[in-house]
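The values are calculated or read from the model by the stated rules, or taken from the named source; none is laboratory data. Small disclaimer: the values here were computed from a predicted structure and weren't measured. Note: ideal-geometry Cβ built from the backbone for every residue, glycine included; neighbour counts use all protein chains shown.
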Ligand SMILES: [Zn+2]
């Protein structure tokens, strides 16, 4: 039983590393991946998203980018 858990952990870790290489970017959590203007709930959030700079994507945790 412990061996199966170990295999599952290693397999999920391997898949996570592979997915980081295939898709290093994920939609920005703050603007939801919208490009350009950020439709914020408050007036101060209008304009480019401060988190991704209006790109609409963020580097996933563990990815190193280009
Ligand atoms: Zn954003």
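Would you mind stating whether residue 15 is loosely packed, with under 14 Cβ neighbours inside 10 Å, modelled with pLDDT of 80 or more and assigned to a loop (DSSP other than H, G, I, E, B)? Give the derivation first.
Details: loosely packed, with under 14 Cβ neighbours inside 10 Å: yes; modelled with pLDDT of 80 or more: yes; assigned to a loop (DSSP other than H, G, I, E, B): no.
Spelling it out, it is not the case that residue 15 is loosely packed, with under 14 Cβ neighbours inside 10 Å, modelled with pLDDT of 80 or more and assigned to a loop (DSSP other than H, G, I, E, B).
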Go through the range 56-65 residue by residue and tally those that are assigned to a loop (DSSP other than H, G, I, E, B), at pLDDT 80 or above and more than 7 Å from the ligand (Cβ to nearest atom). 4
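I need the full set of residues from the range 28-47 which are within 8 Å of the ligand (Cβ to nearest atom) and modelled with pLDDT of 65 or more, in order please. Walk me through it before giving the result.
Step one: of the range 28-47, the residues within 8 Å of the ligand (Cβ to nearest atom) are 28-34, 38.
Matches in the range 28-47: 28, 29, 30, 31, 32, 33, 34.
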